[in-house]
Amino acid sequence: EAGVAQSPRYKIIEKRQSVAFWCNPISGHATLYWYQQILGQGPKLLIQFQNNGVVDDSQLPKDRFSAERLKGVDSTLKIQPAKLEDSAVYLCASSWGRTHNEQFFGPGTRLTVL
Amino acid sequence: AQTVTQSQPEMSVQEAETVTLSCTYDTSESDYYLFWYKQPPSRQMILVIRQEAYKQQNATENRFSVNFQKAAKSFSLKISDSQLGDAAMYFCAYRPQQGGSEKLVFGKGMKLTVNP
């Protein structure tokens, strides 16, 4: 079974530029999560999708971050414009459903904002 | 709000020895899940073990076991017969069982070094 795929693995941008990350969950997984992991901290949920609907985006900085999962499969996370404090690893995870199901994580994208 | 605390930022253990990683959490919920995740330098989070709060029996997965103390809100991970491949960041995480988001709330992590 293929795991959660993410791209790119690394990205370096200047502040105020835009960036987008892509995630392809495990086939059949209805729930998709984006986490932000700042260096030295544990991951923090940014947004959770159930199919193509948003379940929780309470910690997403909506003035600069956006995410979509149009067909209930792949997802993109965008930052526009980026700030220095957005430097982090962005992890995508997926699970079969919402209750007592293991979340499987992708390898993450390391973003550096200069 | 739920919080997870890992007070030891780093630990080391000799190969083949046993090590215990500590974790405490705070919640007003009675039903929830607790997890230990491993994150090697490749950055991919890997589930090590999970515990349902309603179960009194401590979870065990091969060389990994937990000591779950619900009243004390403590959830420690014991790694027996430590191997070089166990070296990684370890994160304790909490998730409510019902209602709303199923987001994982993570601690800050602990770096485990295994010495040959």
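For segment A:58-64, take each phi angle, set θ = phi - 60°, evaluate the Karplus expression 6.51 cos²θ - 1.76 cosθ + 1.60, and give the result in whole Hz per residue in order, putting x for glycine and proline.
Computed from phi, the couplings for segment A:58-64 are 5, 10, 8, x, 5, 6, 9 Hz.
Can you check what the net charge comes to around B:THR113, using other residues whose Cβ is under 13 Å from the Cβ of B:THR113 (Lys, Arg +1; Asp, Glu -1)?
-3
For segment B:10-20, what does the Karplus curve 6.51 cos²θ - 1.76 cosθ + 1.60, with θ = phi - 60°, yield as ³J(HN,Hα) per residue in whole Hz, taken in order and with x for Gly and Pro?
Running phi through 6.51 cos²θ - 1.76 cosθ + 1.60 with θ = phi - 60° gives 8, 8, 9, 8, 7, 3, 6, 8, 10, 9, 10 Hz.
Regarding chain B, what's the average projected area of the Cα-atom convex hull, expressed in nm²?
Averaged projected hull area, Cα only: 7.0 nm².
Give the relative contact order (percent, whole number) for chain A; include only Cα pairs under 8 Å separated by 6+ residues.
37
If the cut-off is a Cα-Cα distance under 18 Å, which lysines reach A:LYS15, setting aside same-chain residues fewer than 8 apart in sequence?
A:LYS62, A:LYS78, A:LYS83
Just the Cα atoms of the protein assembly as shown: what Rg and Dmax do they give in Å?
According to the Cα coordinates of the protein assembly as shown, Rg and Dmax are 17.7, 51 Å.
Which of B:SER76, A:SER18, B:CYS23 sits farthest toward the positive end of the charge dipole of the protein assembly as shown, with +1 on the Cβ of Lys and Arg and -1 on the Cβ of Asp and Glu?
Farthest along the dipole direction, towards plus: A:SER18.
Show the residues, 5+ positions off or on another chain, whose built amide H is closer than 5 Å to the amide H of A:LYS15.
Result for A:LYS15 returns A:LEU114.
Once the mean 1/r over all distinct Cα pairs of segment A:1-100 is inverted, what Kirkwood radius in angstroms do you read off?
Value: 13.8 Å, from the Cα pair sum.
The numbers here are math on the coordinates, done by the rules we state, and not lab data. None of these values were measured; they are calculated from a predicted model. Reconstructed Cβ throughout: ideal geometry from the backbone, glycine too, with neighbour counts over all protein chains shown.
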